[in-house]
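Down below is the structure, laid out as structure tokens.
The values are calculated or read from the model by the stated rules, or taken from the named source; none is laboratory data. Just so it is clear, the model here is predicted, and its values are computed rather than measured. Quick reminder, even Gly has a Cβ in these numbers, built from the backbone with ideal geometry, and neighbours come from all protein chains shown. Calculation scope for accessible area: heavy atoms of the full protein, side chains included, ligands and nucleic acids excluded. Shrake-Rupley method; radii C 1.70, N 1.55, O 1.52, S 1.80 Å.
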Amino acid sequence: ISRRFEDASGNRFYWFLDEAGELHISIGVTSAFGAVSAEKKAIDKWKELHKDNWRTLLNSAATYGTELHKCYGNVALGKNIEDMSLELMRKVAQDNGQSYDMPVKDILSFKRFTKDVSLVPLIIEGILSWQDSNTGEYLMMTIDLLAKVKVIEKRKELVQEGFYVKGEKKGEAKLVEKTIEEEKEKIILMDFKSNFFEKDKKSFYESHLMQLIAAKKAVEQNYPEIKVDEIYNFSPN
């Protein structure tokens with residue numbers, strides 16, 4: 001059983017008891033990478049630009065993101081969207097100059113995605129740890145979504161279409177290049193980004209990639225039978 005908490009600066013930590021009953025405390029992967037990444041300068045610049053209300057803006061984005069995560073979880077499980085979550089998201093959106101229907105559009109974007117790939121959820125909002133084999137230290141994180149999907153992959157292939165009936169190649173097989181489509185099942189890991197303030201674009205940072213790599217390692221360490229094929233950020237626009 002794992003629990004998480006935040007310190008006065010908003011850094012996230014987790015604690016859990018191992019099989020021997022020993023207490024372990026670990027920093028969350030987002031806080032760990034955020035504290036040392038080069039993108040910290042960009043965040044500090046944003047805070048300076050909004051120095052009078054950056055905490056309020058950050059809290060609004062966090063509230064919206066939390067509720068959107070819940071909605072995405074319900075969509076993945078085939079459940080209805082809770083009215084309270086939707087109304088709270090609408091209020092937060094309007095209070096910050098966004099449109100009233102932004103939450104509905106964000107939810108529909110993910111619903112369309114799940115339909116396009118026949119998504120089957122494996123983990124939703126699951127807390128996992130990854131243990132370093134050299135130091136024994138833990139890094140912990142929340143897995144937004146681990147899922148099976150079906151995707152269509154395309155490849156070019158030479159296919160025989162009859163034989164040449166005249167010319168220098170008479171009697172030889174006629175080969176033409178065709179696009180071959182093949183349905184494949186994959187296991188993907190996704191991290192949700194609400195994209196609250198950047199609907200026309202989205203800035204993804206190296207730390208976001210590192211978080212996904214850490215989550216992939218955690219899944220495969222905890223569930224050796226699972227091989228994560230691809231990792232993604234999902235951000236509605």
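Going from most exposed to least, what order do Thr63, Thr135 have by accessible area with a 1.4 Å probe?
Thr135, Thr63
Angle check, please: helix 102-116 long axis (alpha carbons) against the longest principal axis of the chain (alpha carbons), in degrees 0 to 90, nearest 10.
Tilt relative to the chain: about 40 degrees.
How big is the Kirkwood radius of segment 123-237, worked out from every pair of different alpha carbons and given in Å to one decimal?
It is 17.9 Å.
Looking only at Thr30, Thr66, Thr56, which one moves most when the chain is put into a Gaussian network model with springs between Cα atoms under 10 Å?
Answer for the Gaussian network model of the chain: Thr56.
Have a look at Gly73, Gly65, Gly167 and tell me which one the Gaussian network model of the chain (Cα, springs below 10 Å) gives the largest fluctuation.
Between Gly73, Gly65, Gly167, it is Gly167 that shows the largest mean-square fluctuation.
Mind pulling the angle between the C-alpha long axis of helix 54-77 and the longest principal axis of the chain? Nearest 10 degrees, somewhere in 0 to 90.
50 degrees
Identify which of Ser129, Ser207, Ser99 has the largest mean-square fluctuation in a Gaussian network model of the chain, with springs joining Cα atoms closer than 10 Å.
Its mean-square fluctuation being the largest, the pick is Ser99.
Can you give the accessible area of Trp54 in Å² (nearest 10), computed on protein heavy atoms with a 1.4 Å probe?
50 Å²
Strictly greater than 26 Å: what percent of every Cα pair in segment 1-117 meets that?
42 percent
Show log10 I(q)/I(0) for segment 50-128 at q = 0.11, 0.25 Å⁻¹, two decimals, from a solvent-free Debye sum over equal Cα scatterers.
Log-scaled intensity ratios, in q order: -0.33, -1.18.
Amide H to amide H under 5 Å from Leu122: which residues, 5+ apart in sequence or cross-chain, H placed 1.01 Å off N in plane?
Correct list: Leu146, Ala147, Lys148.
Where the eigenvalues come from the Cα gyration tensor of segment 169-237, what are the semi-axes √(5λ) of the equivalent ellipsoid, largest first, in whole Å?
Over the Cα atoms of segment 169-237, the semi-axes work out to 38, 22, 10 Å.
Let me check against my output: what whole-number percent is the relative contact order of the chain, with C-alpha pairs under 8 Å and at least 6 apart?
Dividing the mean separation by the residue count of the chain yields 17 percent.
What is the angle, in °, between the Cα long axis of helix 206-222 and the longest principal axis of the Cα atoms in the chain? Nearest 10 is fine, range 0 to 90.
Computed tilt is about 80 degrees.
What shape does segment 130-173 have by the C-alpha gyration tensor, where a ≥ b ≥ c are the square roots of the eigenvalues, rounded means a/c under 1.5, and otherwise prolate means a/b greater than b/c and oblate the rest?
Verdict is prolate for segment 130-173.
Work through the residues other than Lys178 whose Cβ is under 13 Å from its Cβ and net out their charges, Lys, Arg +1 and Asp, Glu -1.
On the way: positive: Lys154, Arg155, Lys156, Lys174; negative: Glu157, Glu161, Glu177, Glu181, Glu182.
In short, -1.
Based only on Cα atoms, what mean projected area does the convex hull of the chain have, in nm²?
If I average the Cα hull's projected area over directions, I get 20.2 nm².
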